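All remarks here apply to the structure that follows.
The values are calculated or read from the model by the stated rules, or taken from the named source; none is laboratory data. None of these values were measured; they are calculated from a predicted model. Don't worry about glycine lacking a Cβ; one is built from the backbone with ideal geometry, like all the others, and counts go over all protein chains shown. Protein only, heavy atoms only, side chains kept; ligands, DNA and RNA dropped before computing areas. Shrake-Rupley method; radii C 1.70, N 1.55, O 1.52, S 1.80 Å.
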Amino acid sequence: VASRPPSHRVRVIAIAGPTSSGKTTFSHKLCGYLKNHGIHALPLSVDHYYYELNEQPVFKRTGNREAINYDSFEAMDVPLFNQHLSQLIAGQTVETPRYNFKTGNRDHPGHTLTLPPAAVLVMEGIHALNPAYTASVPAEMKFTIFISPLTQLAVDECNAVKTTSWRLLRRMTRDFLFRGHSAEKTLSMWDRVREGEGLWIFPHQNTTDYVM
């Protein structure tokens, strides 16, 4: 980033990775780190830009909320996100959505957000590295980070807890605390989640500026 000319100053840092890999925690710690170095940074979770239930493409087709794949790119309101991103870069104030995962709808009012002229927007979410998400921002103004845990826990000399198992445990905890899902519900979705990672997330890991 330091090698880029002043006219190509980064305004958006995009952080993505598979489910429960620490994206939200990392983005907030990064904001704190940047602020300690005199750079104003604001976090924004892409997860709040899910379509509302009655606008979900799968729900429109089936009428069944259980059929919605929240790890699919089509579940995201990409046009609204790009609109807000353009407005933020232009110095305008937007009201970002506040998605309620228990109801499948947005709670109102949302969050008011303004990006000062010298500030950096730190956006995170499983699809944050998809080029369609930041199409409204010139490439030279973006810095991308892929994050995923790689350390296994050795139980003994012959057995280890894989990183995917760690992420499953983290997701079960998060879903129970914040999304009203039982452990059984999370387990029932896990195969679809892993399939979605292969389709929508891991393909972008080799095109990022930095891998964490």
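Structure notes:
- When the stretch 167-179 is limited to residues that are of a type in the set (D, E, K, R) and more than 19 Å from Ser27 (Cα to Cα), the one that is least open to solvent (accessible area, probe 1.4 Å) turns out to be Asp175.
- Matching option when the condition is touching a Gly at 6+ places or on another chain (Cβ under 6 Å), within 21 Å of Trp200 (Cα to Cα) and assigned to a helix (DSSP H, G or I), among Asp71, Asp47: Asp47
- Looking only at the stretch 50-68, and only at residues there that are assigned to a helix (DSSP H, G or I) and among the acidic types (Asp, Glu), the one that is surrounded by the fewest Cβ atoms within 10 Å (Cβ to Cβ): Glu66
- The residue that is modelled with the highest pLDDT, among those in the stretch 130-166 that are charged (D, E, K, R) and surrounded by fewer than 16 Cβ atoms within 10 Å (Cβ to Cβ), is Glu140.
- Hits in the stretch 133-163 (condition: under 18 Å from the mean Cα position of the chain (by Cα), of a type in the set (Val, Ile, Thr) and under 16 Å from Glu197 (Cβ atoms)): Ile147
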